[in-house]
Amino acid sequence: SGLYRVLPDEQGVVLRFGKYVKTTQPGLNYHLPLPIERALTPKVTKVNRIDVGFRPASDTGRSTGVADVDEESLMLTGDENIVDINFVVQWYVGDAANFLFNIRNPVKNIKDGAESVMREIMGRTNIEFALSEGREEIRQEAQGMLQNILDSYDSGIIISSLLLQRVDPPATVIDDYRD
């Protein structure tokens, strides 16, 4: 009962009486039989996706289109304008032991952290800069700040990319803004 297999996209985390002992690599491994030790094998190469400010059609049950979530997407800029911003955070597990034991709800932590970071950046950015040439700079700064937050938690999470989907004035005033 002590043999266990770790697949190529997993890391093995061995627990002795519930306490972390070691991390094992893919292949056939051995741990002391239950109830002394047991092994967890979380997937570490899968790239996960979190949508902030919108939900794709598959998540909302609609056949086409995108559902906007105003509570997440509407942000105040540094020059006191409102901007509607949608972005995607892609992440994977870098350290399985930290991922399993240091954070309780990784998706919520990443989503809340990403929204907080984006609000901070937009709060000191002018709307003209955000709508035009500043998109790449905003994206890079947000990705770096989010990774720093997750590293401070020892979360074991690596942010592979943060992609801005849309940065526009709110839909209710976009025509007036363009005029």
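The values are calculated or read from the model by the stated rules, or taken from the named source; none is laboratory data. Given the structure is predicted, the values throughout are model-derived calculations rather than measurements. Counting neighbours? That spans all protein chains shown, and the Cβs are built from the backbone with ideal geometry, glycine included. Areas reflect the complete protein model, heavy atoms only, side chains present, ligands, DNA and RNA absent. Shrake-Rupley method; radii C 1.70, N 1.55, O 1.52, S 1.80 Å.
Scanning the range 35-59 for residues that are assigned to a strand (DSSP E or B), among the aliphatic types (A, V, I, L, M) and farther than 30 Å from ILE85 by Cβ yields ALA39, LEU40.
Against the definition (open to solvent by less than 80 Å² (accessible area, probe 1.4 Å), assigned to a helix (DSSP H, G or I), at pLDDT below 95 and closer than 30 Å to ARG16 by Cβ), how does LEU32 come out, yes or no? Criteria not met by LEU32. Restricting attention to the range 26-57, the residues being in contact with a strand residue (DSSP E or B) (Cβ under 7 Å, 6 or more places away or on another chain) and without any contact (Cβ under 8 Å) to a residue 24 or more places away in the chain number 6.
For the range 68-93, the set of residues classified as buried (at least 20 other Cβ atoms within 10 Å of the Cβ) and hydroxyl-bearing (Ser, Thr, Tyr) consists of SER73, THR77, listed by residue number. Residues that are within 22 Å of ASN102 (Cα to Cα) and either in contact with a Gly (Cβ under 8 Å, 6 or more places away or on another chain) or small (Gly, Ala, Ser) (or both) within the range 1-59 comprise VAL6, GLY12, GLY18, THR23, THR24, GLN25, GLU37, ALA39, LEU40, THR41, VAL44, listed in sequence order. Somewhere in the range 151-162, is a residue farther than 22 Å from VAL47 by Cβ, under 16 Å from the mean Cα position of the chain (by Cα) and at pLDDT 90 or above? Among the residues of the range 151-162, at least one is farther than 22 Å from VAL47 by Cβ, under 16 Å from the mean Cα position of the chain (by Cα) and at pLDDT 90 or above, which makes the answer yes. Can you tell me which residue within the range 44-67, out of those that are modelled with pLDDT of 90 or more and surrounded by 15 or more Cβ atoms within 10 Å (Cβ to Cβ), is farthest from the chain's Cα centre (by Cα)? Within the range 44-67, the match that is farthest from the chain's Cα centre (by Cα) is VAL44.
Condition check ((1) over 23 Å from PRO56 (Cβ atoms); (2) at pLDDT 95 or above; (3) of a type in the set (Val, Ile, Thr)) across all residues:
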{"residue": "PHE87", "(1), (2), (3)": "no, no, no"}
{"residue": "ALA96", "(1), (2), (3)": "yes, no, no"}
{"residue": "MET122", "(1), (2), (3)": "no, no, no"}
{"residue": "THR125", "(1), (2), (3)": "yes, no, yes"}
{"residue": "PHE129", "(1), (2), (3)": "yes, no, no"}
{"residue": "ARG135", "(1), (2), (3)": "no, no, no"}
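Looking only at the range 108-141, residues that are within 22 Å of the chain's Cα centre (by Cα) and outside any helix (DSSP H, G or I) come to 1 in all.
Among the residues of the range 83-101, not a single one is assigned to a loop (DSSP other than H, G, I, E, B) and over 21 Å from ARG49 (Cβ atoms). Using the structure shown, decide if VAL167 is at pLDDT below 90 and either open to solvent by 20 Å² or more (accessible area, probe 1.4 Å) or within 29 Å of LEU40 (Cβ to Cβ) (or both). Criteria not met by VAL167.
Quick check on GLU133: is it free of Cβ contacts under 8 Å to residues at least 24 places away in the same chain and either more than 30 Å from VAL21 (Cα to Cα) or open to solvent by 60 Å² or more (accessible area, probe 1.4 Å) (or both)? The answer is yes for GLU133.
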